[in-house]
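Novice: Attaching a single structure in structure tokens format; questions to follow.
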Amino acid sequence: MFLFIFVSNWSGALLPWKIIQLPHGELAAPTNDINTTVALALLTSVAYFYAGLSKKGLGYFGKYIQPTPILLPINILEDFTKPLSLSFRLFGNILADELVVVVLVSLVPSVVPIPVMFLGLFTSGIQALIFATLAAAYIGESMEGHH
């Protein structure tokens, strides 16, 4: 997953694809589309539910009433907000990076956008690392026992 996100982010950060207008849309990094980032986040959710269920069986759902059953709604809400935060964080940062580069290229097409493009390469790598690290942490959390 890290490599897919990394390559997808860099494909948009190396060249300002949004400048190229097509008859039915535009070229951009795959992670610049909310559908791609939501699909990656839902894949992560399926992975951590699968890991938790395969490790603990139906006892996995006992985590929702720990430490007290009053926290059940909050614990359920947490499982809905994890993929939301993963997808919106990745989508928003990549979209913002590409928009800044496009605006700078359209305003000052010479050398000025180059430092911002290098910053975009750095940001794209960091976003791939953050997504992969959080996905691994969520999967590891679903497999560990309650202390």
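Novice: Could you point to the residue in PHE61, PHE131, ASN75 farthest towards the positive end of the chain's charge dipole, with +1 and -1 charges on the Cβ of Lys/Arg and Asp/Glu respectively?
Specialist: It is PHE61.
Novice: Averaging over all projection directions, find the projected area of the Cα convex hull of the stretch 17-147 and quote it in nm² with one decimal place.
Specialist: Averaged projected hull area, Cα only: 10.2 nm².
Novice: For the charge dipole of the chain, defined by +1 on Lys and Arg C-beta atoms and -1 on Asp and Glu C-beta atoms about the Cα centroid, which residue among TYR50, PHE118, LEU107 has the Cα displaced farthest towards the positive pole?
Specialist: Most positive-ward Cα: TYR50.
Novice: Need the list of aspartates and glutamates near LYS56 for cross-linking: C-alpha distance under 20 angstrom, and skip anything on the same chain fewer than eight residues off.
Specialist: Output for LYS56: GLU78, ASP79, GLU141, GLU144.
Novice: Still on this structure, I have one more. Note the angle between two axes, namely the Cα long axis of helix 72-107 and the longest principal axis of the Cα atoms of the chain, as a number of degrees from 0 to 90, rounded to the nearest 10.
Specialist: Between the helix axis and the principal axis of the chain, the angle is about 10 degrees.
Novice: May I ask you to compute the full-extension gain from LEU43 to ASP79, defined as 0.36 nm times their residue separation minus their alpha-carbon distance, rounded to one decimal in nm?
Specialist: Separation in residues times 0.36 nm, less the Cα-Cα distance, equals 11.7 nm.
Novice: Can you give me the accessible area per residue for the stretch 25-147, using a 1.4 Å probe, in Å²?
Specialist: 57
Novice: Using a basic spin-label model with each label point 7 Å from the Cα along Cα→Cβ, how many nm lie between LEU27 and ARG89?
Specialist: So the two model labels end up 3.1 nm from each other.
Novice: Run the quick spin-label model on THR133 and PHE61: label points 7 Å from Cα toward the beta carbon, then report their separation in nm to one decimal.
Specialist: Label-label distance for THR133 and PHE61, simple model: 3.4 nm.
Novice: Here's another thing I want to ask about it. Per the helix-only calculation at 222 nm, which mean residue ellipticity applies to the chain, given -39500 (n - 2.57) for every DSSP H run of n ≥ 4 and division by its residues, nearest 500 deg cm²/dmol?
Specialist: -25000 deg cm²/dmol
Novice: Under 16 Å from a point placed 7 Å out from the Cα of VAL7 along the Cα-to-Cβ direction: which residues of the stretch 98-136 have their backbone N that close?
Specialist: Under cut-off, by backbone N: 125, 128-129.
Novice: Related question: Taking the Cα centre of the chain as origin, work out the dipole magnitude from +1 charges on Lys and Arg Cβ and -1 charges on Asp and Glu Cβ, in debye rounded to 20.
Specialist: It works out to roughly 240 debye.
Novice: Over the chain, with a Gaussian network built from C-alpha contacts below 10 Å, which listed residue (SER85, SER45, SER124) shows the highest mean-square fluctuation?
Specialist: Largest GNM mean-square fluctuation: SER85.
Novice: Using a 7 Å offset from the Cα along the Cα-to-Cβ direction at both SER54 and LEU121, what is the distance between the two label points in nm, to one decimal?
Specialist: 3.7
The values are calculated or read from the model by the stated rules, or taken from the named source; none is laboratory data. This one's a predicted model, so the numbers in the text were calculated from it and none came from an experiment. So basically every Cβ, Gly included, is an ideal-geometry build from the backbone, and we count neighbours across all protein chains shown. Side chains are part of the model used for accessible areas, which takes the heavy atoms of the whole protein and leaves out ligands, DNA and RNA. Shrake-Rupley method; radii C 1.70, N 1.55, O 1.52, S 1.80 Å.
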